[in-house]
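The values are calculated or read from the model by the stated rules, or taken from the named source; none is laboratory data. Predicted model, so just to flag it, every value in this text is computed and none were measured. We place every Cβ from the backbone using ideal geometry, glycine too, and count neighbours over all the protein chains shown. What goes into the accessible areas is simple: the full protein's heavy atoms, side chains included, and nothing from ligands, DNA or RNA. Shrake-Rupley method; radii C 1.70, N 1.55, O 1.52, S 1.80 Å.
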Amino acid sequence: MHTAVGTKPDTATPTASPTATPTPTPTATPTPTPTATPTATPTPTPTATVAGNHDARLKKISASGSVVLSDGQPDLKNLTIQVRNEGDHTDSIGVYVDIVPPGGISNPYGCTPIGRVINTVVSLAPGAQTTVSASLSFSCANVAGATGQTYTIMAAADAHADDGGACGPFQIQSLACNSALADEDNDATDNRATTNAFTVK
């Protein structure tokens, strides 16, 4: 009698679960810092020098011969300056006028006006001229001391109107003013004028 050899039941082979592969954490790529582009500094455009003849002429000073102060009241008078452009192109011309009172800049009689009374710029075509005027009030604290003496008027015409610094108050007759006016004026003999007027009575 044969005994059946029992067949050993199959033993299930456990299936290994796959090991999870860790997902790598992405490394942040740094954003490059933009390099600042330097702003170009604009090159200044040179001021064109007008070629030709430059000639500002202080043509005439018109002023009253006298002022009456003996009544104790101020006397109003006009002062007129005539300026001409004798150059060959339109130009800006500075007009500077100073008054020195009787007795000089130290003003011993306390008179007015004193110092710069006109400081302006006019634009004139070649050959053109114009007048610049000021209405001035004259008075003196010591009328008796100033009687018989005059005011001195100094005026200048400045081609290009750029020498106001060198020709400041009471500097119109200075060497510095003369040189500044002459360095850009083809005829430097007619830039300035001086006269006496407004005799105190």
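Data for the structure
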| quantity | calculated |
| --- | --- |
| Residue satisfying all of: in the range 153-168; over 18 Å from residue 54 (Cα atoms) and aliphatic (A, V, I, L, M); surrounded by the fewest Cβ atoms within 10 Å (Cβ to Cβ) among these | 166 |
| Filter pass, residue 77 being open to solvent by 80 Å² or more (accessible area, probe 1.4 Å), at pLDDT 95 or above and more than 22 Å from the chain's Cα centre (by Cα) | no |
| Number of the condition not met by residue 199 [criteria: (1) of a type outside the set (Lys, Arg); (2) more than 18 Å from residue 114 (Cα to Cα); (3) open to solvent by 30 Å² or more (accessible area, probe 1.4 Å); (4) in contact (Cβ under 8 Å) with a residue 60 or more places away in the chain] | (2) |
| Residues located in the range 53-82, provided they are of a type in the set (S, T, N, Q) and more than 16 Å from residue 159 (Cα to Cα) | 62, 64, 66, 70, 73, 78, 80 |
| Sole exception among (1) under 21 Å from the mean Cα position of the chain (by Cα); (2) modelled with pLDDT under 95 for residue 186, by number | (1) |
| Of the criteria (1) open to solvent by less than 20 Å² (accessible area, probe 1.4 Å); (2) under 22 Å from residue 200 (Cβ atoms), which one residue 181 fails | (2) |
| Output for the range 93-116, where each listed residue is open to solvent by 30 Å² or more (accessible area, probe 1.4 Å) and either modelled with pLDDT under 95 or outside any loop (DSSP other than H, G, I, E, B) (or both) | 112, 116 |
| Of all residues making up the range 51-72, the number that are open to solvent by less than 80 Å² (accessible area, probe 1.4 Å) and part of a loop (DSSP other than H, G, I, E, B) | 9 |
| Residues of the range 138-182 classified as farther than 28 Å from residue 88 by Cβ, touching a Phe, Trp or Tyr at 6+ places or on another chain (Cβ under 7 Å) and not in a helix (DSSP H, G or I), total | 6 |
| Residue 171 vs. criteria open to solvent by 30 Å² or more (accessible area, probe 1.4 Å) and within 20 Å of the chain's Cα centre (by Cα) | yes |
| Residue that is over 21 Å from residue 80 (Cα atoms), more than 30 Å from the chain's Cα centre (by Cα) and touching a residue at least 40 places away in the same chain (Cβ under 8 Å), where the choices are 110, 145, 104 | 145 |
